[in-house]
Ligand code: C5P
């Protein structure tokens, strides 16, 4: 893993062998590797431990349950060695606080807006309230859309110096440099990298483009 990188690889591959090889090859060029339900359901939760041996791992479980259930899940994610976990904020302060308390040293990122078109139906109209709920719950940072500069800028303005990680780059239309310019600290990139004919090269290019902004 690269401490100075602003790239987070979204490892949404369901071929576990390929996913592990790609994680190893790309980890020197990214800050962290994000695992979501597809790879966890195919490989089993131990994939979190395995990748944590050589990279920071962010578990994108988008937790959205009552406090007790959130706590039970986060305790297990922590045992598996993850660096961070992603939870929803719309479920309310108590549920999110349960995540923060169970997380210990793990970083908690809360979703305050999303990157898909349907996010404008409901969720993205409430990002200010979701940021406030998240701050009161004590999260480390936010997930905000890297393909919606207007929303991202508003979230950055309200988030102050808190960390923002942004998906929506490449396959969902966003650009990594524009997302960082609009306020993202890190960009989350999946298909643009893992569907490329040379994923390592694409990851290195993104990493280099972003490092030139520093
Ligand atoms: O392939 P792509 O780069 O679009 O992958 C984006 C990753 O970020 C996926 O794992 C997706 O579930 C996640 N994500 C997102 N938008 C959000 C939150 C998470 O695309 N608002």
Shape call, the range 99-214: gyration tensor on alpha carbons, a/c limit 1.5: prolate
The range 1-78: equivalent-ellipsoid semi-axes (sqrt of 5 x gyration tensor eigenvalues, Cα, Å): 22, 15, 10
Cα gyration tensor, the range 61-142 - rounded (a/c under 1.5), prolate or oblate: prolate
The range 74-110 and the range 132-149: distance between their alpha carbon centers, rounded to Å: 13
Separation of alpha-carbon centers, the range 1-21 and the range 194-214, rounded to whole Å: 12
Rounded if a/c under 1.5, otherwise prolate or oblate - the chain, Cα gyration tensor axes: oblate
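Since every read-out is calculated from the coordinates, none of them should be taken as a lab result. All values reported here derive from a predicted model rather than from experimental measurement.
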